[in-house]
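Here's the structure we're looking at; comments come further down.
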Amino acid sequence: ETVDKAPTFKKAWENFLTFLDKHKITTENARFVTWGTRDFNPVIPDALEREKIQPPEPNGYPAYFDLQYEYSLFTGKFCPFFKLSRAIEECHLDFSQFGGQHHSAIVDAKSEAGIFKKMVEEGWDPYELVNNFEIKNKLAKQEQENDKITEQEQEKNKLLKQKQNKTK
């Protein structure tokens, strides 16, 4: 229902840029927080290309950092694919206070803010970020390769099960 009533990507993007401009948010004075690399690689670039929208200058995207990556390093449990639900649980956050629906943009954003706050309370310094765009691009490529491997493994398992069923 919410999605059905939502503006098109093009309109949402225009609203987003207006919001940034109105509040004087730039790559120099703010960073966007993501959970994983997919929002900025490939989701937003693909959507901009599909809608034939020129990416904003200077480097095409707002500056961002990957809280998923930072959280995994901060906790000493390095995993570039650390699940948001697991981090919420480990931070002892009440997921229901955020709306309780995984993969809802507003719920995920509130969850990430809770994790961010918890990390700062426990000594993490967001001004000393470990990750950077070079690492992000490597992780994004790893994620894409892992997705392909997973799909191939699923297909192999499916074929194996079919073969086993035929021999029975």
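The values are calculated or read from the model by the stated rules, or taken from the named source; none is laboratory data. The shown structure was predicted, so the numbers you read here are calculated from the model rather than taken from an experiment. Methodologically, a virtual Cβ is constructed for each residue, glycine included, from the backbone with ideal geometry; neighbour enumeration extends over all protein chains shown.
The figures follow:
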| quantity | calculated |
| --- | --- |
| Selection count where residues are at pLDDT 75 or above and either of a type in the set (A, V, I, L, M, F, W, C) or more than 18 Å from the chain's Cα centre (by Cα) (or both), scope region 94-105 | 3 |
| Candidates A140, A109, filtered to the one that is touching a Phe, Trp or Tyr at 6+ places or on another chain (Cβ under 9 Å), closer than 22 Å to C79 by Cβ and modelled with pLDDT of 70 or more | A109 |
| Looking only at region 12-47, and only at residues there that are of a type in the set (D, E) and more than 11 Å from the chain's Cα centre (by Cα), the one that is farthest from V107 (Cα to Cα) | E28 |
| Members of region 15-46 found to be out of contact with any Leu (no Cβ under 9 Å at 6 or more places or on another chain) and more than 29 Å from Q144 (Cα to Cα), listed by number | N15, T18, F19, L20, D21, K22, H23, K24, I25, E28, N29 |
